[in-house]
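Below is one structure, written out as structure tokens; the observations come after it.
The values are calculated or read from the model by the stated rules, or taken from the named source; none is laboratory data. Treat the numbers as computed from the prediction; the structure is a model and nothing was measured. Using ideal geometry, Cβ is built from the backbone for each residue, glycine included, and neighbour counts are taken over all protein chains shown. For accessibility, only protein heavy atoms count, side chains too; no ligands or nucleic acids. Shrake-Rupley method; radii C 1.70, N 1.55, O 1.52, S 1.80 Å.
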Amino acid sequence: MRLLTDPGFGVYLHWPFCAAKCPYCDFNSHVRHQPPDQARFAQAFRRELEHFRARTGPREVTSIFLGGGTPSLMEPETVGALLDTVAELWTVPEGIEVTLEANPSSVEAGRFRGYRAAGVNRVSLGVQALNDPDLRFLGRLHDVAEAKRAIGLARDIFPRLSFDLIYARPGQSLDAWQRELGEAIDLAADHLSLYQLTIEEGTRFHALHAAGKFVMPDPDLSADLYALTQSVTAQRGLPAYEISNHARPGAESQHNLVYWRYGEYVGAGPGAHGRFVENGRRVVTFTEKMPETWANLVEANGHGVVGGEVLHRSEEADEFLMMGLRLAEGIDLARYEDMADQPLSLKRIAVLQGEGLVESLGNSRLRATPTGMIVLDALVADLARTD
């Protein structure tokens, strides 16, 4: 793991295309009946990354993440072209974490070996469930057998592997989740991302849930499922280092730590967001979401950035607090004070400690307790109050 004082500089590349739109997904993903022109999009990525290089100046990249969408729909040559572009524009030390998201239904051994040859050394698989009925409910195109085959291939080909599961699904019991989680840990190499199902506005699940087509677990059961997840993973050697992410010590996702430690990152591709320091101020960027429109903008203007802002220091402090308290390591109090120009209220910290929601790590760090993690949004809002 990197030093806590060095949160890193990441590059995120968003490939927005999917074979099908999952009913729970509110990410910027698009289905096309005709395959996209990968050469055109690779060139557009190059031009947009050149734009960001001019804005960030020379930097040393600490991680690269190819997300989506479904990056495993890219040809290995396209992945190689994107990674080569990053290496031409910034300093990319040998051996840094390079992650590619993949769906089990789009996996084949030859393509995986091509990604490995292109420089990918970590794969994140969107498994989501380890039983076929729930995979169908979640709109996944693979079955359990395909998922296990993809996991096996990834373990054989890549140095590092993670996969995602969604829990707190309709009708899921504590016993059923404990069995499924145990099976997942047996399959996992060193990292699991475990997310509770949420109903996001604008998704198909949002409409189906509003129409009463399925019932979500009640809040008490959801809290019990979360507590069970933390307990089982800790007992099995994959403790939570962030609310939803679990790893063997030393196998934490370095790219995601850039986000949670409030580092800097460039986000290129349709709908990508970035946060980096420019002229001494932290800026936010976001790009056009529609892939073809984004490509047209890049070809016309050299980038597809359609919005953003320059953050005030107080806004940086709020974001730092919100992101950092997701981590088991918590936040550096001095760094918060530097951003906010004032320390967190010791009186408010004492009250929250008395309620069992936060705890101090020596004199320099503060973190949420397991109880505090369950009510993190309210906890952050309370800590950030200035009255």
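Run down 190, 175 and say which single residue is acidic (Asp, Glu) and either more than 20 Å from residue 228 (Cα to Cα) or modelled with pLDDT under 95 (or both).
Checking each option against the conditions leaves just 190.
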Original post:
What residue, among those in the stretch 274-310 that are outside any helix (DSSP H, G or I) and of a type in the set (S, T, N, Q), is nearest to residue 32 (Cα to Cα)?
Top reply: 287
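Does residue 32 qualify as being modelled with pLDDT under 95 and either open to solvent by 20 Å² or more (accessible area, probe 1.4 Å) or more than 22 Å from the chain's Cα centre (by Cα) (or both)?
yes
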Subject >> Which listed residue is outside any helix (DSSP H, G or I) and not basic (Lys, Arg), from 229, 198, 233 >> reply: 198
Original post:
Taking residue 271, is it part of a loop (DSSP other than H, G, I, E, B) and modelled with pLDDT of 95 or more?
Top reply: yes
Original post:
Is it true that some residue in the stretch 62-85 is open to solvent by 60 Å² or more (accessible area, probe 1.4 Å), free of Cβ contacts under 8 Å to residues at least 12 places away in the same chain and charged (D, E, K, R)?
Top reply: yes
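Residue-wise test of (1) touching an Asp or Glu at 6+ places or on another chain (Cβ under 7 Å); (2) crowded, with 22+ Cβ neighbours inside 10 Å; (3) part of a strand (DSSP E or B).
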position: 55; (1), (2), (3): yes, no, no
position: 93; (1), (2), (3): yes, no, no
position: 126; (1), (2), (3): yes, yes, yes
position: 139; (1), (2), (3): no, no, no
Original post:
With the stretch 317-387 as the region, which helices (runs of 4 or more DSSP H) entirely inside it contain at least 1 residues that are farther than 27 Å from residue 219 by Cα?
Top reply: 333-340, 346-354
Original post:
Which one is most open to solvent (accessible area, probe 1.4 Å) among residues in the stretch 248-262 that are in a loop (DSSP other than H, G, I, E, B) and under 14 Å from residue 96 (Cα atoms)?
Top reply: 250
**OP:** Check off (1) assigned to a helix (DSSP H, G or I); (2) open to solvent by less than 50 Å² (accessible area, probe 1.4 Å); (3) under 23 Å from residue 70 (Cβ atoms); (4) in contact (Cβ under 8 Å) with a residue 40 or more places away in the chain for residue 185 and give me the number that stays unchecked.
**Re:** (3)
